[in-house]
Structures are given as C-alpha cells and as structure tokens.
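One structure below.
The values are calculated or read from the model by the stated rules, or taken from the named source; none is laboratory data. This is a predicted model, so every value here is computed, not measured. Methodologically, a virtual Cβ is constructed for each residue, glycine included, from the backbone with ideal geometry; neighbour enumeration extends over all protein chains shown.
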Amino acid sequence: MENFLPDQYSVPAGPAESEFRDRGSKFVAALRPVSTEAEALEVQQEQQRAHPKCNHHCYAYRLGRGTDRWRANDDGEPSGTAGKPILGQIDKFGISDVVIVVSRYFGGTKLGTSGLINAYREAARLALEAAPRGLRTVTTTVTLEFGYALMTPVMSALSQLNLEMADQDFSERARVTLELPESETQSTLRALKASVAGMYLETVDDEFEVEGLKVSVNPTNPR
C-alpha cells in the first residue's frame, strides 16, 4: 500500500496502450490521463475513430480524489461484463483522473460472460501496468491583498515560511496568489498572519485578521 499525504492521490503521468487476445478476439486498451468527464468521453470517441472495425468500445473512468466521480459503460456488451471489470482494475491500482477504453475485435468465437469479464479486465490491467505514475496534490488558492505599507512584512513572512508566489500583481495595491496544500492551508495562514503582525504563533487563531491585509481562500484545485 502506497503512502500519500492527505491531499495527494495517484494519477497516470502519461498514456499507455495494451492488447489482450483470447480465442481469436483482440481487446485493445487505451489509457489516458483526464481531468473531466468531457475529456474521458472524447477519448472514447477517438478510439472509435481509431478502431472503426470494432463494434464495442467499452470504457470506465474515475476522476478526483474521492469515490463519487466515476462511470463504467459496456457499450453494447452484456451488462456488467466490460465497464465494471475495467473500473475494478482502476480501483485495484488505486489510480484516478484516468480513463481506459477497450475496443474489441471479434474473432468469431463467443467468449461467454466469464470470458468477456476476464478479457476486459486483463486488457485494462495490462494498460495500467504499462502506465507511468505520478502524484497530484489538492491545493487551496489563497490571495493576499495589501497596501504597500505591508510590503516588507508580507515579503519577509513569505520568505521565512518558504512560500512561493504562484502569481503577483504590484499595481495600485499589491496582490499575491499562493497555492497551498489543502491540509496545510489553515496552519500556514495562521503562521503567515502571525509573522506579518509580529506576534507569537500561539496568540493567533484562525479568525485573527491583520489590519490592512485581506486574505481570500478559494475552492480547492488538483495540481
């Protein structure tokens, strides 16, 4: 079992292909990294165009860190014989933000329910074994807005906490954007405010505000 930080999850770092054969039938699997349902469905359409002689382009995808964004589709195969076996392998490998499409070339011999389940499962497994892996971190976007009187203490605090600016705008008022790991956002902001205000960390809670410093916390995003 791999050990990740609370806001990390495993994703494919690139595409992969595989083939599985059984009694003359060939099952061609295409694995692609995706971040939306639209991207996943586009991959299925691409495989339909790439394999026009196949009558079935079955697929499954899982998105995000949780367990509620998924879909499995048998594309005309007997119910439960294709999409769910593919999804089962995705979950067994513990990977997300991925779609696997398996296109079937019929070899003239019917495989039966168990044969189909095995074939789609094995094609997906081989693609997953071939795929490079990476980690995605769920981050929180934090925007700091302040007047130039706070420029020195804010920049000093960012330096002390080793925080890199994702974006910056020094026009009429200064604006700095940070991308913080989700699980560390509140503790980092407390430390930042304490440093800017010149106070001990123990005296600053989550509701503490620094005069002249506006802090905006936006929804989380996978990076």
key: Positions within the range 95-115 being under 16 Å from SER18 (Cα atoms) and of a type in the set (A, V, I, L, M), in sequence order   = VAL98, VAL99, ILE100, VAL101, VAL102
inquiry  = I'd like the full set of residues that are touching a Gly at 6+ places or on another chain (Cβ under 8 Å) and in a loop (DSSP other than H, G, I, E, B), limited to the range 44-71.
reply    = ASN55
ask   = All but one of (1) more than 18 Å from the chain's Cα centre (by Cα); (2) among the charged types (D, E, K, R); (3) in a loop (DSSP other than H, G, I, E, B) hold for ARG21; which doesn't?
value = (3)
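Residue by residue, here is whether (1) in contact with a Cys (Cβ under 7 Å, 6 or more places away or on another chain); (2) β-branched (Val, Ile, Thr); (3) outside the structural domain of ALA30 (by TED's automatic domain parsing) holds:
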{"residue": "PRO85", "(1), (2), (3)": "no, no, no"}
{"residue": "LYS92", "(1), (2), (3)": "no, no, no"}
{"residue": "THR113", "(1), (2), (3)": "no, yes, no"}
{"residue": "GLU145", "(1), (2), (3)": "no, no, yes"}
{"residue": "THR185", "(1), (2), (3)": "no, yes, yes"}
Qualifying residues in the range 94-127 (those that are in contact with a strand residue (DSSP E or B) (Cβ under 7 Å, 6 or more places away or on another chain) and of a type in the set (D, E, K, R)) - the one nearest to ASP68 (Cα to Cα) = ASP97
note = Condition set under 28 Å from the mean Cα position of the chain (by Cα) and of a type in the set (A, V, I, L, M), scope the range 193-223, selection surrounded by the most Cβ atoms within 10 Å (Cβ to Cβ): answer is VAL215
message = Which numbered condition in (1) in the same structural domain as GLN44 (by TED's automatic domain parsing); (2) modelled with pLDDT under 95 is the only one that VAL101 fails?
response = (2)
inquiry  = Residue pairs, Cβ under 7 Å, 6 or more apart or interchain, first in the range 153-182 and over 16 Å from THR140 (Cα atoms), second among the aromatic types (Phe, Trp, Tyr). List them.
reply    = VAL154/PHE146; ARG173/PHE146; ALA174/PHE146; ALA174/TYR148
Enumeration of residues in the range 131-152 that are in contact (Cβ under 8 Å) with a residue 40 or more places away in the chain and farther than 26 Å from GLY66 by Cβ = LEU144, GLU145, PHE146, GLY147, ALA149, LEU150
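Listed here are the residues, each with its yes/no results for (1) in contact with a Lys or Arg (Cβ under 9 Å, 6 or more places away or on another chain); (2) touching a residue at least 12 places away in the same chain (Cβ under 8 Å); (3) exposed (fewer than 14 other Cβ atoms within 10 Å of the Cβ).
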| site | (1), (2), (3) |
| --- | --- |
| PRO6 | no, yes, yes |
| VAL11 | yes, yes, no |
| ARG32 | no, yes, no |
| GLU39 | yes, yes, no |
| ASN55 | yes, yes, yes |
task = Return yes when THR152 is touching a helix residue (DSSP H, G or I) at 6+ places or on another chain (Cβ under 6 Å) and closer than 30 Å to LEU213 by Cα and no when it is not.
result = no
query = Exactly one of (1) under 20 Å from ILE95 (Cα atoms); (2) part of a strand (DSSP E or B) is unmet by ALA38. Its number?
reply = (2)
remark   = Those residues of the range 78-96 which are crowded, with 20+ Cβ neighbours inside 10 Å and part of a loop (DSSP other than H, G, I, E, B) amount to THR81, ALA82, ILE95, SER96
note = Within the range 103-118, of all residues that are exposed (fewer than 15 other Cβ atoms within 10 Å of the Cβ) and of a type in the set (Val, Ile, Thr), the one nearest to TYR59 (Cα to Cα) is THR113
